[in-house]
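Here is the structure we will look at.
The values are calculated or read from the model by the stated rules, or taken from the named source; none is laboratory data. Predicted, not measured: the structure shown is a model, and the values here were computed from it. Using ideal geometry, Cβ is built from the backbone for each residue, glycine included, and neighbour counts are taken over all protein chains shown.
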Amino acid sequence: MSNEQLLALLPFMVLAGASIVVILMIAARLSHTAIQVAGFLMLCFTVLAMGYVRDILPQEILPLFIIDGFAALYTGVIIFSVGVVGLLSYIYFEEREENPKEYYILLFLATLGAAVLTISRHFVSLFLGLEILSVSLYALIAYLRNRNNAIESGLKYLILAALTSAFLLLGMALFYMETGSMEFNAIGQKLAGSDPGVLFKLGLALMVVAIGFKLALVPFHLWAADVYQGAPAPVTAFIATASKVGVFAVLMRFSLAVNLQQSEFLLNVFSGIAIASMILGNILALRQQNIKRLLAYSSIAHLGYLIVAFLPGTREGIEASVFYLFAYAITILSAFGIVTILSTRMKDAEDLSVYRGLFWRKPLLAAVLAVSLFSLAGIPLTAGFFAKFIVLLTGANYNLWLPVIVLVLTSVIGLYYYLRIISTLFASAPAAEPRHKPLHPFFHFVTYATLFVLMVMICVLGVFPGPAIEGIRQFLMIR
Amino acid sequence: MLRRSLASLGMTNTSSRHPEPSEASVRDRRRIKERIMENYLYLIPALPLAGFLILSLLGKNLSKNLIPVIGAGSVIGSAIAVILLAIQYDPENPVRQILWQWFSSEDLSVAISLSVDALTIVFLFVITFVGALIHIYSAAFMREDRDYARFFASMNLFICSMLLLVMADNLVLLYLGWEGVGLCSYLLIGFWYEKPENSRAANKAFTITRIGDTAMLIGLFMLFQEFRTLYIPDILNNVSQHFESGSATLTTIALLLVGGAVGKSAQLPLQSWLPDAMAGPSPVSALIHAATMVTAGVYLIARMHGIFVLSPEAMAIVAIIGAITLIIAGCSALVQTDIKRILAYSTISQIGYMFLALGVGAWSAAIFHFFTHAFFKALLFLAAGAIIESLHHEHSIFKMGGLRKKMPLIFYTFLAGAASLAALPFITSGFFSKEQILGYSFGAVNGNPILWVVGITGAFITAIYTTRLMVVVFWGEEKTHVSHLPGPAMTLPLVVLAILSIAVGFIEWPHNLMHVAVFSDYVQNVLPATVERENIAPPLVLQGIAIFMTLFGIYVGYMNCYRKPIWKANNYQTPLFQSLRNFWFKGWLFDDLYNNVFVKPFLFITTVNRKDIIDKIYTGISNGASQLHRMFSVSQNGSLRWYIGGVLAGILIIVTIQMIV
């Protein structure tokens, strides 16, 4: 391994170091606040390290990793999401749990797993990344173990993830049988020219199960609502953003390497999955009264939209999907941020009644939630609109008419339940409850400021998407 | 900002070395002069816009003394800018400033760009100068109002939109201004929104002008389809190569534009909103519904003259619309009792003259009449507002009376305005502008004796109702006590406008009497000259008849109103006359006509279709979606084995499909 290759891995090493730093700090009995600050600093170092290594990219570390602009983009979105999740976590866990510190170990490990997925070019690294991510998530989901649903949802996730991992392994084995290689590019080269054999197709179909499960696509979506509901709100935000970004990144890289979109059969399978996800996600969310479950269904639909950008398998598709994921991450983070900040000691703020008349009590929070819901619904001048628009454009350019039409129609259905929440926000207020003095004024302020910044980002990306698109394009040139 | 740009320009001037004033340096200086003008062109609409923003955002927190300073100050500022611009203006080089690209999409590229030529300057001058006077007047007039800031905010937004309308050099920006003034008109007619009839009047004005706007929008679409651009100079330059004279498409476009103009300028058949628009405060009537917005239609036709020149039919229709409107509105003005409604009908009638002039191709005469009309009609409205306020909000002229002694200043200024409206020969501006229109309605190639006769009749009627208004309001006995006299902030604009109402006429004399044609020379670069027929009656005879008719009208009005108050005399009590009077009083029953032809059938259809049939489709979709939601919700039962079953079913389906395929 040359120096440059080692250097290129620096951000990932810093990220891995973050967990170790946290462990050491716990051993030294430092306070939650110190750990929070240290964790945040480690994330900042990761970002700095990414900036530092930018010039030497791309680097291929045979046979497991490749670090290029593509990976940098997806890792960037993951780090960004985790940074926000970390900020949101402080107040949430400080108020609920006597041992909030170990949470950060798991969070950074999960992040590392997701980040490894973005740079893997080999089945081994893929599987390692996926398992680091999943194992951390089992514990994260069940972290508030005294709560009713926590253990249940953690177990559900564990069993289903184990099941689908088994399918993934079997799929990989089939690939290996067919091509004699576990490297994406080598598999692609073996397959080039020749018609893919039946084992290859079967292997792919089995892999689709694992990927579909992680991305919560229909028909592997059934866990989503229960887990979203049972997990602590910041962890839900993590599942909705970082974990999905990582899995989607590896799916994209793999499909580009093996020219997955060339196969009409697989194209149809993915179209079918996308269409089913869009329809079912939106319909399930329609009359949902629990906001965490509602966001779970909405995320099913949104991943369906995202798959439309994945279908063409071109540069434009990648651009659209990165932008979409970024916009989606900001939006969903601000939505879960509101859920987090409104949650009480006993219960997450998941019932819609909590939000009744929020605007009259806490106008800033209501505004952030309203903007993020508008963005999820794809109303113009928000990031969500433009993201959906370029996905549509990509789909239309490649004549994927059926998914595109379904996208448009289901967006209309989606509008209903987003607007339903927004109208609840502005409904006449119930009697004002006594104002609690925030326990941690500084972190309270930081959380508010973060949410405000997220809201501004949603609007700015919606009005001036040009620079962001241009930035994405430049990063994708590094290959 | 301005000074800084001047300084920087000065530096560039010294650095470009020209030791002695050569031709090049003269050209240089001219170029620099232009550049200075270009640099501050945007200030003209930006100042009122800034005023609007400040007043609407901070209005509630500003003191009552600061509000008029911002509201009127911004307009005065842009008036000063316009005057500076007019001084520097070089007719050879129209000025253009592109601020930024608004949007562009394939062929359609729209810039926020302003440009100024002589026609624009005339409008700019009237808008900002008369606007500034009216704002000063309003500072005193509206002082006691609860929504002082809202009033000035709307007025400033209006000025900004109107300036955009006349400075725009593409039709999209023009349309933005066009809709902006419509919006402000709506807001200001309904300014006292607590009274339902005011809101109703505002809705009526908005709805009726929308009809015209829609026609205009279609016209713009067609223009774009034909020319692939909406940049006005390009359209005007290419129109003659693109179309033959009298082409059907071009006539359609022209008529659609006329539709917009007719709606905005309250001409037949969309005139019925303007009398009701008098529900707004008097300064609003003076500014929007007399001096500026209602003449936007005139501006539009004059601006797009290249299209109309090639379409004689459209021109003829414009002339006929103007002729009919001026008579209809004049007759209605004869019998009104509300002072502001009299003036409103008179406005409709005077704009009818402008349309008549446009229709016969007397472009400069139309704009000149706009110019003089803006002064004297704004004056009349402001004076009427002062009277109304002093008489405890009394609108009926028959409850006024005897104000000549009580309010002498108002009397003299009103007299100046009324004389100008009646076109009293040789001493009023109205005479000079109307005389031109009458002369061309006979003498221009598109003119004919019938139009001339109609115009003369209109002048006769105008003289009668003006005299009636004057006599009833200012002579006779005092019927309502004058509570207080208007202060200097209200009288100063009146005096200035009164002087202008008299004086501005002298810049343009009938060409057979004296060779003074400042105004038509000024606009000759922009508007084509009027083509006259040959072998017609000597102008002196026509002028003589016109003067005679005016004086005769004044005499008739005087006899009827002063000697024996007109509507009380026995010989007017016959049923026939009463019904005619009623017919005119209600504006020729156009409201009832539209009510029966459009509103009632529409309401009938809506009642029939109360349970909207089309709605059934949507309720069906939403019911279906809810039904599906219930069905699929069953799948989310929380049972792990069912979830695993789901995953396995998924993989089975995929594998099966693969095997089959």
- prompt: B:Phe414 is checked against (1) over 28 Å from B:Met514 (Cα atoms); (2) surrounded by fewer than 24 Cβ atoms within 10 Å (Cβ to Cβ); (3) modelled with pLDDT of 85 or more and fails just one. What number does that condition carry?
  reply: (2)
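Got a sec? Which of B:Val453, B:Val445 is within 28 Å of B:Val541 (Cα to Cα) and free of Cβ contacts under 8 Å to residues at least 12 places away in the same chain? Write out each step before concluding.
Numbers: B:Val445 fails: free of Cβ contacts under 8 Å to residues at least 12 places away in the same chain.
Sole residue among the options that is within 28 Å of B:Val541 (Cα to Cα) and free of Cβ contacts under 8 Å to residues at least 12 places away in the same chain: B:Val453.
Being among the hydrophobic types (A, V, I, L, M, F, W, C) and in a helix (DSSP H, G or I) is the filter here; which residues of the stretch A:306-324 pass it?
A:Leu306, A:Ile307, A:Val308, A:Ala309, A:Phe310, A:Ile318, A:Ala320, A:Val322, A:Phe323, listed by residue number.
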message: Restricting to the stretch A:170-214, give me the number of residues that are of a type in the set (A, V, I, L, M, F, W, C) and touching a residue at least 40 places away in the same chain (Cβ under 8 Å).
response: 15
- line: Taking the stretch A:363-398 and keeping only residues that are in contact (Cβ under 8 Å) with a residue 40 or more places away in the chain and outside any helix (DSSP H, G or I), one is left with A:Pro380, A:Leu381, A:Thr382, A:Tyr398
field: Members of the stretch A:257-305 that are facing another protein chain (nearest Cβ under 9 Å) and not in a helix (DSSP H, G or I)
entry: A:Leu286, A:Arg287, A:Gln288
field: Sole exception among (1) at pLDDT 85 or above; (2) within 27 Å of B:Lys377 (Cβ to Cβ); (3) surrounded by fewer than 15 Cβ atoms within 10 Å (Cβ to Cβ) for B:Ile76, by number
entry: (3)
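Just to be sure, is B:Ile605 part of a helix (DSSP H, G or I), within 14 Å of another protein chain (Cβ to nearest Cβ) and farther than 29 Å from A:Asp226 by Cα?
Values: part of a helix (DSSP H, G or I): yes; within 14 Å of another protein chain (Cβ to nearest Cβ): no; farther than 29 Å from A:Asp226 by Cα: yes.
Spelling it out, it is not the case that B:Ile605 is part of a helix (DSSP H, G or I), within 14 Å of another protein chain (Cβ to nearest Cβ) and farther than 29 Å from A:Asp226 by Cα.
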- request: Tell me which residues, restricted to the stretch B:146-177, are charged (D, E, K, R) and in contact (Cβ under 8 Å) with a residue 12 or more places away in the chain.
  value: B:Asp147, B:Arg150, B:Asp169
- prompt: When you scan the stretch A:87-193 for helices (runs of 4 or more DSSP H) that lie fully inside it, which ones turn up with 3 or more residues that are more than 21 Å from the chain's Cα centre (by Cα) and of a type outside the set (Val, Ile, Thr)?
  reply: A:148-179, A:184-191
message: Every residue in the stretch B:523-553 that is within 20 Å of B:Val453 (Cβ to Cβ) and assigned to a loop (DSSP other than H, G, I, E, B), please.
response: B:Thr530, B:Arg533, B:Asn535, B:Ile536, B:Ala537, B:Pro538
- prompt: Does any residue of the stretch A:228-237 turn out to be of a type in the set (S, T, N, Q), buried (at least 24 other Cβ atoms within 10 Å of the Cβ) and more than 11 Å from chain B (Cβ to nearest Cβ)?
  reply: yes
query: Can you name every residue in the stretch A:441-469 that is more than 21 Å from the chain's Cα centre (by Cα) and part of a loop (DSSP other than H, G, I, E, B)?
result: A:Phe464
field: Matching residues in the stretch A:139-162 - criterion: being surrounded by fewer than 18 Cβ atoms within 10 Å (Cβ to Cβ) and not charged (D, E, K, R)
entry: A:Asn146, A:Asn148, A:Ile151, A:Leu155, A:Leu158, A:Ile159, A:Ala162
- line: Note: among B:Ile387, B:Ile367, B:Ile410, just one is under 24 Å from the mean Cα position of the chain (by Cα), assigned by TED's automatic domain parsing to the domain that holds B:Leu513 and assigned to a helix (DSSP H, G or I), namely B:Ile367
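Here is a check on your reading of the model: is B:Val655 within 14 Å of chain A (Cβ to nearest Cβ), closer than 30 Å to A:Lys201 by Cβ, in contact with a Phe, Trp or Tyr (Cβ under 8 Å, 6 or more places away or on another chain) and in a helix (DSSP H, G or I)? Reasoning before the result, please.
Numbers: within 14 Å of chain A (Cβ to nearest Cβ): yes; closer than 30 Å to A:Lys201 by Cβ: yes; in contact with a Phe, Trp or Tyr (Cβ under 8 Å, 6 or more places away or on another chain): no; in a helix (DSSP H, G or I): yes.
For B:Val655, the condition - within 14 Å of chain A (Cβ to nearest Cβ), closer than 30 Å to A:Lys201 by Cβ, in contact with a Phe, Trp or Tyr (Cβ under 8 Å, 6 or more places away or on another chain) and in a helix (DSSP H, G or I) - is not met.
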- request: Tell me, please, whether a residue that is closer than 28 Å to A:Ala327 by Cα, aliphatic (A, V, I, L, M), in contact with a Phe, Trp or Tyr (Cβ under 6 Å, 6 or more places away or on another chain) and more than 10 Å from chain B (Cβ to nearest Cβ) can be found in the stretch A:156-176.
  value: no
Residues being crowded, with 24+ Cβ neighbours inside 10 Å and either among the aromatic types (Phe, Trp, Tyr) or in a helix (DSSP H, G or I) (or both) - total across the stretch B:443-460: 5
- request: Only one of these is in contact with a Gly (Cβ under 8 Å, 6 or more places away or on another chain), under 21 Å from A:Val391 (Cβ atoms), in contact (Cβ under 8 Å) with a residue 12 or more places away in the chain and not small (Gly, Ala, Ser): A:Val308, A:Val322, A:Val245. Name it.
  value: A:Val308
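Suppose we keep only residues that are among the aromatic types (Phe, Trp, Tyr) and within 16 Å of B:Leu41 (Cβ to Cβ) within the stretch B:85-107. Which one would you say is modelled with the lowest pLDDT? Can you show your working first?
Initially, the stretch B:85-107 is screened for residues among the aromatic types (Phe, Trp, Tyr), giving B:89, B:100, B:102-103.
Among the residues that remain, those that are also within 16 Å of B:Leu41 (Cβ to Cβ) are: B:89, B:100.
On the way: B:Tyr89: 78, B:Trp100: 81.
Among those that are among the aromatic types (Phe, Trp, Tyr) and within 16 Å of B:Leu41 (Cβ to Cβ), it is B:Tyr89.
Residues are listed down the side, and each one gets a yes or a no for (1) within 26 Å of A:Ala335 (Cα to Cα); (2) charged (D, E, K, R); (3) modelled with pLDDT of 90 or more:
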{"site": "A:Phe220", "(1), (2), (3)": "yes, no, yes"}
{"site": "A:Trp223", "(1), (2), (3)": "yes, no, yes"}
{"site": "A:Tyr228", "(1), (2), (3)": "yes, no, yes"}
{"site": "A:Ala233", "(1), (2), (3)": "yes, no, yes"}
{"site": "A:Ser243", "(1), (2), (3)": "yes, no, yes"}
{"site": "A:Gly246", "(1), (2), (3)": "yes, no, yes"}
{"site": "A:Asn259", "(1), (2), (3)": "no, no, no"}
{"site": "A:Glu264", "(1), (2), (3)": "no, yes, no"}
{"site": "A:Leu267", "(1), (2), (3)": "no, no, no"}
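Could you tell me which of the residues B:Ser635, B:Ser626 is outside any helix (DSSP H, G or I), within 28 Å of A:Ile413 (Cα to Cα), touching a Leu at 6+ places or on another chain (Cβ under 9 Å) and within 14 Å of chain A (Cβ to nearest Cβ)? Before the answer, list the steps.
Values: B:Ser626 fails: outside any helix (DSSP H, G or I).
None of the others qualify; the one that does is B:Ser635.
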